[in-house]
Amino acid sequence: MDFTLSDERRMLQDSLSRYLADHLDHDRRRKTLASDAPYDADLFKGLADLGTLAALFPEEAGGFGGKGPDLALVFKTLGRAGTLEPFLPAALAAPLLTDHADLVEQVIAGESIVTLAHTEPDARYDLADVTLSAKPTLTGTKTNVLYGAQATHLIVSARETGDRLDPEGISLFLVPTDAPGLTITPLTNVDGTASAQVTFTDTPAETRLGEPGKGHALLETATAHAILALSAETLGAMEAAKDLTLAYLQERQQFGRPIGTFQALQHRLADMLTEIEQARSAVLNLAGHLDAPRDIRERHVSATKNLVGRVAALVAEEAVQMHGGIGMTQEYELSHHARRLVMADHLFGDVDHHLERFIHLSGG
């Protein structure tokens, strides 16, 4: 498997890194969070104009990317910078909007936000756990809808036939957020990203995505893209936390010398670097298997999500402990990355869920 970046991807990575270095720092991020704004709209539009969203969609849908390496490159760069902007919903929506060119064009331009409304209050992480009804209108509640209050459209999973936990009978519907019967309650996650609870009361289900009752396979595909994006973003946050920790160990003086010269801290840092490299390999491996047959792809999805979640928790804990109390103060950049690292495990299935799922997919 060749992990060498093409010239086009290298150019995108360089331009995206430069733009973020010039336009985003911890003070700007803190001001956004303090303003209660869900994200920095000017930064989001600037990144969209740069082609960041277009890199998440395939050429046939109006973008210029959409492959595993494209997602890994974009989201690792965004994660390293600690962005709050709504790029993850686009990664979720990209595999589902191939027949909606006009809407994709608006998403790529940063003018529309399409997000997935799937998780329900009494559900865990099983994608087949859907009770919201589409018989014939949408009735029920979805929670933890990423940027749901800012979205222009929702992709809603709903059950047309079958019982709860039955993969058959689930359909996906594209619903504008100004549709009748929608009640959207804004929420904020612990890392500062926006979320929402959405209640549907006899909401029209007019635009179905895919075949009736065959939405589970589409959900798996979209979630695979999202887990790759989230894992790459988490890897970027790990790299940022590592760099901050290394700089702190070199600068912080104790007993007349940098604390980074103490052997105990050197061993802890070395262990952290080793774990980050394992996470990097897992992300690259998933990127290379994103278009593989379903069973192969899904094994890599769960293996990567389990490993990245475990390493993210370790990196957050070690980085904060090696910093001491300053590591969790709002004024210091590490606090933001640490929260993102902890939160990442709770999106799209935690380490325990994906360990069980990997064993099941492997025939265990």
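The values are calculated or read from the model by the stated rules, or taken from the named source; none is laboratory data. Note that the coordinates shown come from a computational prediction; the quantities given were computed from them, not determined experimentally. A quick note on method: Cβ atoms are made from the backbone with ideal geometry, for glycine too, and the neighbour counts reach across all protein chains shown. Please note that ligands, DNA and RNA were not included when accessible areas were found on the heavy atoms of the full protein model with its side chains. Shrake-Rupley method; radii C 1.70, N 1.55, O 1.52, S 1.80 Å.
Structure notes:
- Apolar share of the accessible surface for the range 210-364: 56 percent from carbon plus sulfur atoms, 1.4 Å probe.
- For LEU246, solvent-accessible area (1.4 Å; no DNA, RNA or ligand), Å²: 70
- Using a Förster distance of 22 Å, the FRET efficiency for PHE64-ALA41 (Cβ separation, nearest 0.05): 0.40
- Exposure rank, largest accessible area first [MET238, MET328, MET11; 1.4 Å]: MET11, MET328, MET238
- Estimated [θ] at 222 nm from DSSP helical runs (n ≥ 4, -39500 (n - 2.57)) normalised by residues in the chain, nearest 500: -16000 deg cm²/dmol
- Mean shadow area of the range 151-230, taken as a quarter of the surface of its Cα convex hull (nm²): 6.2
- Taking Cα centre as origin and charging only the Cβ of basic (Lys, Arg, +1) and acidic (Asp, Glu, -1) residues, the dipole magnitude of the range 52-143 rounds to 320 debye.
- Percent accessible area from carbon and sulfur atoms, the range 119-190, protein chains only, probe 1.4 Å: 52
- Whole-percent carbon and sulfur share, accessible surface of the range 55-108, 1.4 Å: 46
- Whole-number D in µm²/s for the chain (Stokes-Einstein; Kirkwood sum over Cα pairs; 25 °C, 0.890 mPa s): 117
- Taking the Cα centre of the chain as origin and assigning +1 to Lys and Arg Cβ atoms and -1 to Asp and Glu Cβ atoms, the resulting dipole is close to 800 debye.
- For the chain, the residue among GLY213, LEU12, ILE184 whose Cα projects farthest onto the positive side of the dipole built from Cβ charges is LEU12.
- Ordering THR234, THR245, ILE276 by Cα displacement along the dipole of the range 197-284 toward the positive end leaves THR245 in first place; charges were set at the Cβ atoms of Lys, Arg (+1) and Asp, Glu (-1).
- Taking every protein chain into account, the accessible area of the chain amounts to 44 square angstrom per residue (probe 1.4 Å).
- With the charge dipole of the chain set up from +1 on Lys and Arg Cβ and -1 on Asp and Glu Cβ about the Cα centre, the Cα lying farthest toward the positive end among the listed residues THR98, ALA37, LEU53 is that of ALA37.
- Global geometry of the range 85-239, whether rounded, prolate or oblate, following the gyration tensor of its Cα atoms and the 1.5 cut on a/c: rounded
- P(r) tail for the range 1-143: Cα pairs beyond 28 Å make up 29% of the total.
- Net lengthening on full extension, ARG30/LEU50 (0.36 nm per residue, minus Cα-Cα): 4.9 nm
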